[in-house]
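Everything below concerns the one structure shown next.
Only the coordinates and a few stated rules stand behind these numbers; no lab work does. Computed from a predicted model, the values in this text were never measured in an experiment. When we count neighbours, we look across all protein chains shown, and the Cβ atoms used for this are built from the backbone with ideal geometry, even at glycine.
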Amino acid sequence: MTSEWSAPLQLALKRTLEDLCFVAPDPDAGSTAELPLEAAAVVAFTGPLVGRLLVRVRGQALAAITMDMLGTEAIPAPGEQEDCLAEIANVACGTTLPMLGDPRAVFDVAPPVVRWRGEPEPTGQRVAEAKLSFESGAAELVLFIEAAGGAP
């Protein structure tokens, strides 16, 4: 894995969780590997880099995150949770890409594909990942690069 991209990915994950989801990372929460996969989303992008960003949510975190994002006490419907995960994937991708190269570079970003208890099949080389635990679960970002420039 490309360690030079791990730090920007970790920062993008932290910013997305804190600023969009109102979730504070908990360094004492333990390993993310023990938590079951709840849902995942993948966002494809083209531009100076071509690839995909995979977002995973582990544990039983997505309902709590969605409640925080929507500012509600009611348990959100699955569709609302899916929409929130898609928005998390969009924001994480939009935060990550400018940190990987020229911040003025233009990328085309596809709509996220969300899967419950499974994950979309990203293609390309896995080059970096980031993981953060919090009170109700954990989140992960995994960056896959297919090529430098062009179409996927």
Under the Karplus curve 6.51 cos²θ - 1.76 cosθ + 1.60, θ = phi - 60°, whole-Hz ³J(HN,Hα) for the stretch 96-103, x wherever Gly or Pro sits: 6, 4, x, 7, 8, x, 5, x
Computed [θ] at 222 nm, helices only, for the chain once each DSSP H run of length n ≥ 4 contributes -39500 (n - 2.57): -8500 deg cm²/dmol
Scattering curve values for the chain, log₁₀ I(q)/I(0), Debye with Cα scatterers, q = 0.09, 0.17 Å⁻¹: -0.25, -0.91
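Using per-residue counts of other Cβ atoms within 10 Å, averaged over each peptide, order 83-89, 36-42 from highest down.
Numbers: 83-89: 21.9, 36-42: 20.0.
For the peptides 83-89, 36-42, the packing ranking is 83-89, 36-42.
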Volume in Å³ per residue [convex hull over Cα atoms, computed for the stretch 77-117]: 66 Å³
Sequence of Trp116, Trp5 once ranked by neighbouring C-beta atoms within 10 Å, starting from the fewest: Trp116, Trp5
Backbone N within the stretch 64-81 under 17 Å of label point (7 Å from Ala24 Cα along the Cβ vector): 65, 68-69
Of the trypsin sites (Lys or Arg not before Pro) in the stretch 91-129, those whose Cβ has at most 13 other Cβ within 10 Å and which sit in DSSP loop: Arg104, Arg117
Gyration tensor verdict on the stretch 49-132 (Cα atoms; rounded if a/c is under 1.5, prolate if a/b is larger than b/c, oblate otherwise): prolate
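For the chain, what's the relative contact order in percent, using C-alpha pairs closer than 8 Å and at least 6 residues apart?
41 percent
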